[in-house]
């Protein structure tokens, strides 16, 4: 026998068991709408997921048929990313609408994006929605990166209370896109700088 009584071995094992239980509990995923819970983010479903399941809550699409989710995500991402395929004109998009903003504001938009076999660039954009569904004061970043990369832009907007602020994600256009042409988007973050 090793010299430890049954009671002494239990005293050694009990703290170890408590520590392992605590570690397992801390590693469990929480019920969030994205990879991170970011109170400053105006996009509440930034990771296209809810409780580890795909979710489009809050997002609108020009053509839902060309929209899906993928389990290919950036390192900081959650479980799912948004997958969109390019089309011939008009360019398809996913939009997130924000109301209630007012005054002259500076916004920062950042999005993780990865593309495959695009013939024209994908883009992220921020602007104010017009009656014809176009964006006014739009700032856009074009993307052809084939690895997960975080893209960002800043935009200064004069907003009145009846305006709708829009975040737009688009895989771009293509007359005859390759069958595997796609753009993946994740961790969409729009913050008010001032």
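The values are calculated or read from the model by the stated rules, or taken from the named source; none is laboratory data. A quick note: this is a predicted structure, and the numbers were derived from the prediction, not measured. Glycine also receives a Cβ, built like all others from the backbone with ideal geometry; neighbour counts cover every protein chain displayed.
Test of understanding: among 180, 132, 147, 158, which residue is farther than 14 Å from residue 97 by Cβ, more than 22 Å from the chain's Cα centre (by Cα) and in a loop (DSSP other than H, G, I, E, B)?
Numbers: 180 fails: more than 22 Å from the chain's Cα centre (by Cα); 147 fails: more than 22 Å from the chain's Cα centre (by Cα); 158 fails: in a loop (DSSP other than H, G, I, E, B).
Exactly one residue qualifies, and that residue is 132.
Could you list, in sequence order, the residues of segment 89-118 that are surrounded by fewer than 13 Cβ atoms within 10 Å (Cβ to Cβ) and in a loop (DSSP other than H, G, I, E, B)?
Within segment 89-118, 89, 90, 100, 102 qualify.
Given the conditions (1) crowded, with 19+ Cβ neighbours inside 10 Å; (2) within 16 Å of residue 126 (Cα to Cα); (3) modelled with pLDDT under 95, and given that residue 86 satisfies all but one, which numbered condition is not satisfied?
(2)
Give me the pairs: first residue in segment 139-155 and in contact (Cβ under 8 Å) with a residue 12 or more places away in the chain, second residue surrounded by fewer than 13 Cβ atoms within 10 Å (Cβ to Cβ) and not in a strand (DSSP E or B), beta-carbon distance under 8 Å, and six or more apart or on different chains, which are they?
Correct list of pairs: 148/75; 154/193.
Scan segment 60-67 and tell me whether some residue there is crowded, with 17+ Cβ neighbours inside 10 Å and over 13 Å from the mean Cα position of the chain (by Cα). Give the derivation first.
Kept after step one, since they are crowded, with 17+ Cβ neighbours inside 10 Å, are these residues of segment 60-67: 62, 67.
Right, trim to over 13 Å from the mean Cα position of the chain (by Cα) and you get 62, 67.
Yes: segment 60-67 contains one or more residues that are crowded, with 17+ Cβ neighbours inside 10 Å and over 13 Å from the mean Cα position of the chain (by Cα).
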